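The values are calculated or read from the model by the stated rules, or taken from the named source; none is laboratory data. Being a predicted model, the structure only gives us computed values, none of them experimental. Reconstructed Cβ throughout: ideal geometry from the backbone, glycine too, with neighbour counts over all protein chains shown.
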Amino acid sequence: MEQVVSRRVVRRVFSPDLLSPVQVQVEPKKLVVAAYARVSTEKEQQENSYERQVEHYTALIKGNDAWEFGGIYADPGISGTRAEKRPEFMRMIADCRAGRIDKILAKSISRFARNTVDTLSYIRELKELGIGVCFENEHIDTLTPGGEVLLTILAAIAEQESRTMSTNIKWTYQKKFQNGEVILSTGTMLGYTKDADGNYIINEPEAEIVRRVFREYIAGASLTQIRHGLEADGIKTKRGCSNWRANGILGIIKNEKYTGNALLGKTYKPDVLSKRRLKNTGQAPLYYVENTHPAIVSQEDFDMAQAEMRRRGEEKDSAAGRSHYASKYPFSGLLVCGCCGHKLRRHVRSSGGRVVAAWACTNRIQHGRQACDSHHLNEDVLINTYRAALEEIPEESIQAVLDVGRQVLGGDDTAEEHKKIEDQIVKLQEEALELHRARQNDMVPDDEYEAKVTFYSQRMADLQARQKQLKADATRRAEALHWLESFQQHMASGEAYNTDEARVMREIVDQIIVYDDRLEIRLRCGVSIAQHIR
């Protein structure tokens, strides 16, 4: 894992949706074409003047028989730094959303918007609406294969601007993001406060609550169980409330800021004229900033919590069972039918004249023996078989497995590859920028330009996929080592045999496959044990 001590690292997170098919209309019709013109001051050269732009695009559109004149939207003498300061620009965007425009012409990218973030945001939105923007100076149509990669190039430009602290970017919040400036809401976020100089520092009593939530969730406790435990211990929320909410606990678990890092730009404004903010799923740039404030939980624990969250989601949505994440009883959610793959459910039944707790396949309970020919398993038999399986594991074998695990899993030897990929991404972005500048100066033929941008797109996607894989591998290594050490501790203390405590069960067991004659116990440390039912 990359460690940064004396400097902040700002990474751009790019949307993977770089290429999409060009839509072709079955019946040819005239495109409604509009133009956008803007000058920043009244002192620009005559060829760039407001009047000349309006005259030029009016003649150009009306002179094309395949086009229908959609009007000229012009903001004279207005800076292009912020889109909401340009009323004609916003009117044009509104008309696009209303379906009144098919294509937009502009002299250059800088005429369309001086703010890179605005450019990316509006081009992406217009592209989703099927509206292309043609930049005359750059010879780019955003709906062509080469033009679509403009988003990648502009993203690289935005990253370069963030590195050099470009003074061209005036948008306040975006500049804070690019500078790596993080704002923590210490009034609502557990674990942090400010010192006399305004620096973020850890509030240790609150931080221990955060660590407890992560520990218990990783160990398998449900949100409800964590909530009840906090309330039973008299622990209050940040606002001093005695009652905890499951969503609030989930918010703690999902908040990457507890690692000392921050993902900025999670929300965005779909319409800068309104105050609504929506979840950012690629419509606006995202920045991942490292080492901005003290960490309360380790990156490894945070990654394990996210992996546990995904596992529970998969369990909830799986075709075999379709049940929510269960943790009412120690074995809840851990038992899987070896006959059909569905979950087992606890119920009470009569056996030999007495009432006993038993576990049965949900598929058989709901659809009968024709759907699943498995049998009920009494809970006392299940417990005895489980304990017998653990008793047959020699203590020296546990230590040997742990020693080997530490040797194999303890070190991450991918740091060099991480650095190499990061360097390749930066180099690729620089090459894309050079290509973009060369295209502006008519130094690159169209076919060569499109071939190179296609190559850059694919190469960028490959590098980012490899980065994602390396991170996933590191998380799996950390998880395996964590569960190995946890298993050894529980076995040494004797807690592993406690089948009344759900927390302990979930720290040890990943899944138990139930057959008619045996159990296959899959431990979270990666070891599987087969034991005949007693």
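Evaluate segment 443-456: report whether one residue or more is crowded, with 16+ Cβ neighbours inside 10 Å, touching a strand residue (DSSP E or B) at 6+ places or on another chain (Cβ under 8 Å) and assigned to a helix (DSSP H, G or I).
For segment 443-456, residues crowded, with 16+ Cβ neighbours inside 10 Å, touching a strand residue (DSSP E or B) at 6+ places or on another chain (Cβ under 8 Å) and assigned to a helix (DSSP H, G or I): absent.
Filter segment 479-534 for residues that are assigned to a helix (DSSP H, G or I), charged (D, E, K, R) and crowded, with 17+ Cβ neighbours inside 10 Å; which is nearest to the chain's Cα centre (by Cα)?
My answer is Glu479.
Find all pairs meeting these conditions: Cβ atoms under 7 angstrom apart; at least six residues apart or on different chains; first residue within segment 98-110 and part of a loop (DSSP other than H, G, I, E, B); second residue β-branched (Val, Ile, Thr).
Here the result reads Arg100/Val32; Ile101/Val32; Ile101/Ile131; Asp102/Val32; Asp102/Val33; Asp102/Ile131, each pair linking segment 98-110 to a residue that is β-branched (Val, Ile, Thr).
Of all residues in segment 226-264, which are surrounded by fewer than 17 Cβ atoms within 10 Å (Cβ to Cβ) and in a helix (DSSP H, G or I)?
Of everything in segment 226-264, those that are surrounded by fewer than 17 Cβ atoms within 10 Å (Cβ to Cβ) and in a helix (DSSP H, G or I) turn out to be His228, Gly229, Glu231, Ala232, Ala246, Asn247, Leu250, Gly251, Lys254, Glu256.
Any residue in segment 62-88 that's part of a helix (DSSP H, G or I) and crowded, with 18+ Cβ neighbours inside 10 Å: show its pairings with residues that are aliphatic (A, V, I, L, M) and modelled with pLDDT under 70 at Cβ separation under 8 Å, as long as the two are six or more apart or on different chains.
Ala83/Ala113; Ala83/Val272
Within segment 443-460, is even one residue among the basic types (Lys, Arg), within 35 Å of the chain's Cα centre (by Cα) and at pLDDT 80 or above?
Within segment 443-460, one or more residues are among the basic types (Lys, Arg), within 35 Å of the chain's Cα centre (by Cα) and at pLDDT 80 or above.
Mind listing whichever residues of segment 160-218 are in a helix (DSSP H, G or I), modelled with pLDDT of 85 or more and not acidic (Asp, Glu)?
Listed by number, the residues that qualify are Pro205, Ala207, Ile209, Val210, Arg211, Arg212, Val213, Phe214, Arg215, Tyr217.
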